[in-house]
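Written below as structure tokens is the structure these notes are about.
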Amino acid sequence: MRIKEIIELLDGDVIAGEESLDLEVSSAYSADLLSDVLALTEGDTLLITGTVTLQVIRVAEILGITAIIFIRGKQPSEDVMDVARKRLNIPMIVTRKTMFETSGILYKNGVRPCKNRPASEV
């Protein structure tokens, strides 16, 4: 599914990465706990989160996250967005939907859970 289709489904607003809305996404991971994201997520994954701190940008950079959806209408501060624009070139979207709604809508439309790394690697 393309990012621009996801934006439409979630009634989302693009806050960064407008030039990359044709990217294809096939998997996603939903979490607010960034240690879980680091331990259980692989790159080329859409991250769904309510965490809007600088750490989410760093985690996305480390893992090679494809795009970030910020839920519940939460928006990163301008300081966080400045760092994101400098370090990441990925779409970032804000939706008013909850994590549960967002995940369900995407799953219903073909986006699957990312493949978790085996526990032995964590």
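The values are calculated or read from the model by the stated rules, or taken from the named source; none is laboratory data. Being a predicted model, the structure only gives us computed values, none of them experimental. Every residue, glycine among them, receives a Cβ derived from its backbone with ideal geometry; neighbour counts consider all protein chains shown. Accessible surface areas use protein heavy atoms only, side chains included; no ligands, DNA or RNA. Shrake-Rupley method; radii C 1.70, N 1.55, O 1.52, S 1.80 Å.
Key figures for this structure:
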item: Output for the stretch 40-53, where each listed residue is at pLDDT below 95 and not in a loop (DSSP other than H, G, I, E, B); result: 40
item: Neighbours by Cβ (under 9 Å, 6+ apart or cross-chain): first from the stretch 25-40, charged (D, E, K, R); second open to solvent by 30 Å² or more (accessible area, probe 1.4 Å); result: 32/99; 36/29
item: Where a residue in the stretch 1-21 is among the polar types (S, T, N, Q) and its partner, wherever it lies, is crowded, with 17+ Cβ neighbours inside 10 Å and not in a loop (DSSP other than H, G, I, E, B), with Cβ under 9 Å and at least six apart; result: 20/3; 20/67
item: Residue in the stretch 81-102 that is farthest from residue 4 (Cα to Cα), counting only those that are β-branched (Val, Ile, Thr) and in a helix (DSSP H, G or I); result: 83
item: Residues of the stretch 91-122 satisfying the condition of being modelled with pLDDT of 95 or more, open to solvent by less than 100 Å² (accessible area, probe 1.4 Å) and of a type in the set (Lys, Arg); result: 97
item: Checklist (1) in contact with a helix residue (DSSP H, G or I) (Cβ under 7 Å, 6 or more places away or on another chain); (2) over 17 Å from residue 115 (Cα atoms); (3) open to solvent by less than 20 Å² (accessible area, probe 1.4 Å) applied to residue 17, failing item; result: (1)
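Residue by residue, here is whether (1) open to solvent by 30 Å² or more (accessible area, probe 1.4 Å); (2) part of a helix (DSSP H, G or I); (3) in contact with a Leu (Cβ under 8 Å, 6 or more places away or on another chain); (4) over 19 Å from residue 96 (Cα atoms) holds:
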position: 35; (1), (2), (3), (4): yes, yes, no, yes
position: 38; (1), (2), (3), (4): yes, yes, yes, yes
position: 58; (1), (2), (3), (4): yes, yes, no, yes
position: 62; (1), (2), (3), (4): yes, yes, yes, yes
position: 65; (1), (2), (3), (4): no, no, yes, yes
position: 75; (1), (2), (3), (4): yes, no, no, no
position: 79; (1), (2), (3), (4): yes, yes, yes, yes
